[in-house]
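Peer 1: For reference, the structure I am asking about is given below.
The values are calculated or read from the model by the stated rules, or taken from the named source; none is laboratory data. Every value quoted in this text rests on a predicted model; they were computed, and no experiment measured them. FYI the Cβ positions are ideal-geometry reconstructions off the backbone, even for glycines, and counts take in every protein chain you see. Only protein heavy atoms, including side chains, enter the accessible area calculation; ligands, DNA and RNA are left aside. Shrake-Rupley method; radii C 1.70, N 1.55, O 1.52, S 1.80 Å.
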Amino acid sequence: MGSADPAIYFYMNETLDMLYVTSPPDMGSLLARELEELDIPVQREMRGGVYVEKSIAVGYKVCLWSRIANRVLWPLVSFRAPDEDLLYDGVKAFPWEEHLKPDGTLAIDANCVQSGITHSHYTALRTKDAIVDRFRDQTGERPSVDLNNPDLQINTYLFKDDATLSIDLAGQSLYRRGYRTAGLEAPLKENLAAGLLYRAGWPKIAAEGGALVDPMCGTGTFLVEAAMMACRAAPGLLKNECGVSRWLMHDPLVWTSLVEEAVKLRVRG
């Protein structure tokens, strides 16, 4: 199956001009409040996330500072995909070589809602096949799949037969802070714990000198998240690099500047 003319498939979608930041279920309003406090204006609020300005600086700032966010999706393209063939053609028509090296690595996750294609795993597989086939046809090389540490984490979202493909600027779920070295049964996700602390008013309590007691702390997620809030420690500082440091459009100067500012705030905190 050959590549298609992009004009046939690609169309303008207002969501392409915004970043979509996902949250734990029903925490979109808490995420909106958190981002506003970080001086990141929210353009639209949803139950499971918010839309914000689409810029490298805003995306990196969310990745570095948000305690509630789960993923930060940078939309690339939208097109009609009522069946698997049109999904494949639309994905293959996009210029992936502008974002990934031919010998790079990628991982795909997918979500299908009210669409003719109903299987998310199959959607991810067809997306991968189309990207790999485009590189093979154009360069003779092909990217490989790396589920643990890919150069690009790509999201395919199918809604009512419209496909939107995005790059996840976080690289992996933001709840993975990096401080948990061992786990117990049913561990509490870090961003969910942070959301509950926000809902309980902990940031204000901490600023006024209050205390937090967790007598059933398990692995201590509530306590660690609360301490990081009280100390103004950006959760993204625990990671060694930006989630898209190998993305061809990555801006290391913006990321470095944000990290340096966050380090200064953490020291003062």
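Peer 1: For a test of the definition: using alpha carbon positions, the gyration tensor, and the 1.5 limit on a/c, classify region 90-182 as rounded, prolate or oblate.
Peer 2: Oblate is the answer for region 90-182, as a/c is 1.5 or above yet b/c matches or exceeds a/b.
Peer 1: Can you give me the span-like helices of the chain, meaning DSSP H runs with 15 Å or more of Cα extent along the axis and Kyte-Doolittle mean at or above -0.5?
Peer 2: Passing helices, by number: 252-268.
Peer 1: State in Å² the accessible area per residue of the chain; use a 1.4 Å probe, count heavy atoms of protein chains only, and round to the nearest integer.
Peer 2: On a per-residue basis, 49 Å².
Peer 1: Something else about it: Applying a 10 Å radius around every beta-carbon, put 15-26, 249-260 in order of their mean neighbour count, most first. Mind dumping the intermediate values first?
Peer 2: Values: 15-26: 19.5, 249-260: 14.3.
Top of the packing list down: 15-26, 249-260.
Peer 1: Follow-up. Taking every pair of distinct Cα atoms and averaging 1/r, then inverting, what Kirkwood hydrodynamic radius in Å comes out for region 50-98?
Peer 2: By the Kirkwood definition, the hydrodynamic radius is 13.2 Å.
Peer 1: For the chain, what's the relative contact order in percent, using C-alpha pairs closer than 8 Å and at least 6 residues apart?
Peer 2: Reported relative contact order: 20 percent.
Peer 1: From the cross-link list Lys61/Lys264; Lys61/Lys204; Lys239/Lys264; Lys128/Lys189, which pairs have alpha carbons spaced over 19 Å apart?
Peer 2: The pairs that break the limit, which is 19 Å between Cα atoms, are Lys61/Lys204; Lys128/Lys189.
Peer 1: Follow-up. Do the sum for the chain: with -39,500 (n - 2.57) for every DSSP H run of n ≥ 4, divided by all residues, what is the mean residue ellipticity at 222 nm, to the nearest 500 deg cm²/dmol?
Peer 2: Taking each H run of at least 4 residues, the total per residue is -11000 deg cm²/dmol.
Peer 1: Decide, for the chain, between rounded, prolate and oblate: order the square roots of the alpha carbon gyration tensor eigenvalues as a ≥ b ≥ c, take rounded if a/c falls under 1.5, and otherwise choose prolate if a/b is larger than b/c, else oblate.
Peer 2: On the way: a/c = 2.05, a/b = 1.88, b/c = 1.10.
The shape class here is prolate.
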